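Only one structure is covered here, and it is reproduced in the block below.
Read-outs: derived from the displayed coordinates by stated rules, not from any lab. Because the structure is predicted, anything quoted here is derived from the model rather than measured. We place every Cβ from the backbone using ideal geometry, glycine too, and count neighbours over all the protein chains shown.
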Amino acid sequence: MRGLRTVLLVLLAGAVALAAPNGPVNAEQKTLKIGVLGVMSGPAASWGLVNRYCAEASAQLINEEGGWQIGGEKYRIEVVSIDDRNDPKVSVAGAERLVYQEKIKYIIGPNVDTTAAAIVPVMEKAKALNFPYAFSKALYTPPRSNSILGMIASYQAGPVIYKYLKEQKGVRNVSFIARNESDPLNQRTEGVAAAKALGLKVVSSEDTYEPGTTDFTPVMSRVVRQNADLIVLSGVAPADAPLLIRTARELGYKGLLSTETAQDAKILNEVAGKAATGFISVGGASTPQIRSAYMDKFVQRYVKVAGEWNDEAGTKVYALEMILRTLSLAGPKAISDVEEFKKAIPKFQIQNPFLKEAKMLKFVGAPYFSQPRQIGVPMVVNVFEDGKFKALFIGSVE
Amino acid sequence: MGVLNFAHGEMYVLGGFVTYYLYGLFGLNYLLALTTSAGTVAAVGLVFERLFFRRVLRITTREESTMLLAAGTALLLDSLALVVFGEKQRGVPPIVPGVYHVLSAFVPAGRVLIFVLALALISAFLLFMQHTRPGRALRAIAQDKEAAALMGVNIDRYRALGFGIGAALAGVAGGLLVTLFAVNAGAGTPISIKAFIMIMIGGAGVVSGAILGGVVLGFAEAIGYFFIPGSVTYLLILVGLIVFLVFRPQGIMGRPWG
């Protein structure tokens, strides 16, 4: 009995220790909670985990500086993360928990169209704002106004990349391959339309593969047989891209390969190796050549939080920064009233803190969504060379 | 042995990660890394058998109990893999670089080596099951546990051996295929589902049935993807499987249920 009591006391002490916040906390300091909702388990785990690690790394840096200033008061940033397992039902439950139980007004995520669309009613009813990484235009176009796209959409990057490849590399025809899921299929449809609009010949676009596929030889054989100048991997996950590239090269494909989604250099290097040389993808402010000192500091903290750097984080670092900086502009009322935040969106414009070069950072997307509902992440188009990404050119959504 | 191990895919993932760390990161000899993968995963399989399956099999006669337990262990391993190995895809350089051009087909040398190694392992396993005392004991347990026990077969010991061998083979598969397909913490479930489909086609409880199921699924997948664009291939495979199971629920080589 006494032994059991000791065990219970130890467990209780452990629970108290775990529940206590990390680091020194000023008892007077207010806390601003930010939610992260996304896929953090299963084959697509890296998408949501990168969001979480980015938010946690940024929050740690901010809290170490004493918090984030909004209206003359410094707020300690607390990140509350929920794994939606890429399941719309779980995503809705997670969003409800964040907005009603945790009283959170600003949520980073979810990662795909299905989960992002599922939580729209929750966001609108609870008068909360979220920053999805899903490309469906319906999420950001009126009457919807509570979602802000956190990255460059494929239909924005695609035409820019295809145009570059057409003019600089002489690409004349193109094949598409997509994962058999809502987001990648939509991205393929948009990509095909963009390629046709540029006068490129689309030689194949019907090839898809199931989520969880590891052997891409059967499906890639069909695509390679078309012998297009360019193969576009539509909406490809970082886990699939190196295998698709390696398979294409093993099957004798000599042309170009590209995607409009962010990829990870280490994974490409490990899995595809030299086969990935020349692969073109969209990144964030992540390549060492264009990083500011502020970004370098973030990269170091990210490595501490996540164990290693992920190039995808170069895109996803923007969400929390934009939320907090817009809150600073909108004032303390916006912390609990997202309408105040929305009013500040058109006025928000700062020097991009993540880039060495002087570039403006603001909310964009009006030509696509009829309202500025997109973070103006710079469109950094990368090429994979000598085992790392090199910035090919920096474009803009506008 | 009356256990449908849904955690086989997760065991495969563990084997892949062990090989990745030993061969890919620490530069150990590939065969040594592969052997260590087999040993590590076998040890995990044995621990699971001793701690969970042995007790559940002793206290229940319902097959659903072990199926649920296996699904639970799969989820546990899935989550543990994500925590321990992280979210990223991991891969190692091909063991044998190069691609053979045979007629109009491109055959990567790594695949040829793995095909040969897999054939050797399948042959060794079939010989073990057919011609050794432990192999006969395992087959006897799979056919009729009570009769095997009455004949003096130590059920607990041989079931542990079966678990260990099954897990070790999953570890070897992971270690071999990480060189071709890489591995990530979430890769286990799709592998388990495919393994389940193979068993359904070939017949549960029959080693050669599982091999046949694998060959049938592999060919169906490859031919389907090559000739039919889009997502129709797996739709056809699954519809075909349903129709097949309506007429032959025990699979090609399995015993009729009950």
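Among A:GLU181, A:GLU357, the order by Cβ neighbours within 10 angstrom, fewest to most, reads A:GLU357, A:GLU181.
Shielding value for A:177-184 is 1, the average number of Cβ atoms from other chains within 10 Å of each residue's Cβ. Using 13 Å as the cut-off for backbone N distance, which residues of region A:305-341 belong to the label zone defined by a point 7 Å from the Cα of A:SER292 along Cα→Cβ? A:318, A:321-322, A:325, by backbone N distance to the label point. Assuming charge only on the beta carbon of Lys and Arg (+1) and of Asp and Glu (-1), the dipole of region A:92-206 about its Cα centre is about 320 debye to the nearest 20.
Classification of region A:67-207 by its C-alpha gyration tensor yields a prolate form. The axis ratio a/c (a ≥ b ≥ c) is 1.5 or more, and a/b outweighs b/c. Take the Cα of B:PHE128, step 7 Å along the line toward its Cβ, and report every residue of region B:209-253 whose backbone nitrogen sits under 17 Å from that point. Zone members listed by number: B:209-211. The angle between the Cα long axis of helix A:154-169 and the longest principal axis of the Cα atoms of chain A comes to about 40 degrees, rounded to the nearest 10. Using the Cβ-Cβ distance between A:GLU206 and B:SER208 with R0 set to 35 Å, the FRET efficiency from 1/(1 + (r/R0)^6) comes to roughly 0.40. Relative to the longest principal axis of the Cα atoms of chain A, the long axis of helix A:45-64 lies at roughly 40 degrees.
About the centre of its Cα atoms, region B:1-146 shows a dipole size close to 320 debye [charges on the beta carbon of Lys, Arg (+1) and Asp, Glu (-1) only; nearest 20 debye]. Residues within the reach of a label modelled at B:MET67 (point 7 angstrom out along Cα to beta-carbon, backbone nitrogen below 17 Å), restricted to region B:196-214, are B:196-206. Looking at chain B, identify the longest residue range that excludes and avoids all chymotrypsin sites (Phe, Trp or Tyr not before Pro) in DSSP loops having at most 14 other Cβ atoms within 10 Å. The reported range is B:27-256. Pairs of Cα atoms nearer than 8 Å and 6+ residues apart set the relative contact order; for region B:165-257 it is 29 percent.
Ranking A:SER328, A:ALA391, B:ILE252 by how far each Cα lies toward the positive end of the dipole of the protein assembly as shown (charges on Cβ) leaves B:ILE252 at the top.
In this simple spin-label model, placing a label point 7 Å from the Cα along the Cα-to-Cβ direction at both A:LYS359 and B:LEU103 gives a separation of 5.1 nm. Restricting region A:37-118 to GluC sites (Glu not before Pro) that sit in a DSSP loop and have at most 12 other Cβ atoms within 10 Å of their own Cβ leaves A:GLU65.
Mind running the shape call on region B:86-163? Use the C-alpha gyration tensor, a ≥ b ≥ c as the square roots of the eigenvalues: rounded below 1.5 for a/c, prolate if a/b tops b/c, oblate otherwise. Prolate.
The charge dipole of the protein assembly as shown, taken about the Cα centre with unit charges on the Cβ atoms of Lys, Arg (+1) and Asp, Glu (-1), comes to about 280 debye, rounded to the nearest 20.
Can you find, among A:PRO159, A:GLY71, A:LEU139, the residue farthest towards the positive end of the dipole of region A:43-172? Put +1 on the C-beta of Lys and Arg, -1 on that of Asp and Glu. Positive-most Cα among the choices belongs to A:PRO159. The mean number of partner chain beta-carbon atoms within 10 angstrom of a residue's beta-carbon across peptide A:249-258 is 2. Between the alpha-carbon centers of region A:137-212 and region B:32-83, tell me the distance in whole angstrom. So the separation of the two Cα centres works out to 43 Å.
Computed from the Cβ-Cβ distance with R0 of 45 Å, the FRET efficiency linking A:ILE350 to A:LYS125 stands at 0.90. Membrane-span-like helices in chain B (whole DSSP H runs, Cα extent of at least 20 Å along the helix axis, mean Kyte-Doolittle hydropathy of at least 1.6): B:30-48, B:109-131, B:207-227, B:232-247.
Between the amide H of A:LEU361 and those of A:ILE350, A:GLN351, A:ASN352, distances stay under 5 Å, these residues lying 5 or more places away or on another chain, with hydrogens modeled in the peptide plane. Packing here is the average count of other Cβ atoms within 10 Å per residue, and on that basis the peptides A:210-219, A:368-377, A:309-318, highest first, run A:309-318, A:368-377, A:210-219. For the pair B:ASP144 and B:VAL83, the difference between a 0.36 nm per residue extended length and the Cα-Cα distance amounts to 18.0 nm. Counting, for every residue in B:175-181, the Cβ atoms of other protein chains within 10 Å of its Cβ and taking the mean gives 3. With neighbour counts taken as other beta-carbon atoms within 10 Å, the residues B:LEU236, A:LEU37 rank, fewest first, as B:LEU236, A:LEU37.
Put in order of Cβ neighbour count within 10 Å, fewest first, the listed residues A:SER58, B:SER65 become B:SER65, A:SER58. Put simply, the Cα atoms of region B:142-195 extend 46, 19, 15 Å along their principal axes, the longest span coming first. Between helix A:318-330 and chain A there is an angle of about 50 degrees, using the helix long axis and the longest principal axis of the Cα atoms. Of the residues A:ILE104, A:THR114, A:VAL192, the one whose Cα sits farthest toward the positive end of the charge dipole of chain A, with +1 on the Cβ of Lys and Arg and -1 on the Cβ of Asp and Glu, is A:ILE104. Computed from label points 7 Å out along Cα-Cβ, the spacing between A:GLU102 and B:PHE226 is 5.0 nm. Of all lysines in the structure, those lying under 17 Å Cα to Cα from A:LYS359, and not within fewer than 8 positions of it along the same chain, are A:LYS347. Taking the DSSP bridge list for the protein assembly as shown and keeping only pairs wholly inside it, about 45 percent are antiparallel. When the C-alpha to C-alpha distance is required to be over 19 Å, the pairs from A:LYS388/B:LYS88; A:LYS316/B:LYS88; B:LYS145/B:LYS194; A:LYS33/A:LYS297; A:LYS30/A:LYS304; A:LYS103/A:LYS127 that qualify are B:LYS145/B:LYS194; A:LYS33/A:LYS297; A:LYS30/A:LYS304.
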